[in-house]
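Worksheet: the structure to be examined is printed underneath.
We did not get these values from a lab; they are worked out from the coordinates using the rules stated. Please read all numbers here as calculations on a predicted model, not as lab measurements. Using ideal geometry, Cβ is built from the backbone for each residue, glycine included, and neighbour counts are taken over all protein chains shown.
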Amino acid sequence: MGLDKAYKMVLSNAAPSGIKGSHGQELKMIFRFYPNQKQIKNANSLMKNFKIFSGFKGIPVFIAEGLTIRKGKEDIVPIFLTKEDLESAWSVMCQHNPDQPLKPEIEVGNLLQMVKEMEKNAPEFSQCGFFPPETSVEFVKKENKTNPSARIFSNSSQKI
């Protein structure tokens, strides 16, 4: 499922599940995003120098100043869901641009806040795209070999 569809499901009202509770009532499904705890730790370690910081809240996303990925004729500012994928992309860029620093300046954002701003057509996000975690891409590829219904577009961004 794409991020755009998952986001719409999170925004939707509780939906019937088809399951009855212990008192015979219809149980409802509510969709939520849950952060990966490893990425929360990554966000916390990157933000620990801020005086007012008291722990990251939400789903962290990671952006590196100066990192762009060419998709066709368009340059995309990648927004990564894992710090490790950002660092990997930075490493690849440094192989082609040795004048770049070995470590990126990483900014941490909140996924849901960014998507809300993108929905408002905020100009600072017009060239941004989300990149799925490499582990998710690999999982879908593996699943696709046994169950061809799994889909994900690897090495591509998803604009919302």
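Please compute the net charge surrounding Pro104, taking Lys and Arg as +1 and Asp and Glu as -1 over other residues with Cβ under 13 Å from its Cβ.
Details: positive: Lys83, Lys103; negative: Glu65, Glu84, Asp85, Glu87, Glu105, Glu107.
Overall, the nearby charge balance is -4.
Within the set Lys48/Lys142; Lys5/Lys48; Lys120/Lys142; Lys41/Lys116, which residue pairs have Cα atoms separated by over 29 Å? It would help to have the intermediate numbers written out before the result.
Working: Lys48/Lys142 37 Å; Lys5/Lys48 33 Å; Lys120/Lys142 36 Å; Lys41/Lys116 24 Å.
In this structure, Lys48/Lys142; Lys5/Lys48; Lys120/Lys142 lie more than 29 Å apart at Cα.
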Checklist outcome for this item: Of Met114, Met29, Met93, the most mobile residue in a GNM of the chain (C-alpha springs, cutoff 10 Å) is Met29
Checklist outcome for this item: Per its Cα gyration tensor (rounded if a/c is under 1.5, else prolate when a/b beats b/c, else oblate), the range 1-71 is best filed as oblate
Item to check | Cβ-derived FRET efficiency at R0 45 Å, Met29 paired with Asn97, nearest 0.05 | outcome: 0.45
Checklist outcome for this item: With a Förster distance of 25 angstrom and the Cβ-Cβ distance between Lys71 and Asp4, calculated FRET efficiency to the nearest 0.05 equals 0.90
Checklist entry - Of Leu81, Met47, Gly58, whose Cα points farthest to the positive end of the dipole of the range 44-121 (charges on the beta-carbon: +1 Lys, Arg; -1 Asp, Glu; origin at the Cα centre)? => result Gly58
Checklist entry - Helix 134-146 sits at what angle to the longest principal axis of the chain, using alpha carbons and giving 0 to 90 degrees rounded to 10? => result 50
Checklist entry - From the residues Trp90, Ile69, Leu11, which one has its Cα farthest along the dipole of the chain in the positive direction, the dipole being from +1 and -1 charges on Cβ of Lys/Arg and Asp/Glu about the Cα centre? => result Leu11
Checklist entry - Expressed as an acute angle from 0 to 90° and rounded to the nearest 10, what is the orientation of the C-alpha long axis of helix 37-47 relative to the principal long axis of the chain? => result 40
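Before anything else, pin down the relative contact order of the chain: Cα pairs under 8 Å, at least 6 apart, normalised by residue count, whole percent.
On the way: 189 pairs, mean separation 32.6, N = 160.
Answer for the chain is 20 percent.
Where does the chain land on the Kirkwood hydrodynamic radius, alpha-carbon pairs, in angstrom? Walk me through the numbers on the way to the answer.
On the way: mean 1/r = 0.0560 Å⁻¹.
For the chain, inverting the mean 1/r across all distinct Cα pairs yields 17.8 Å.
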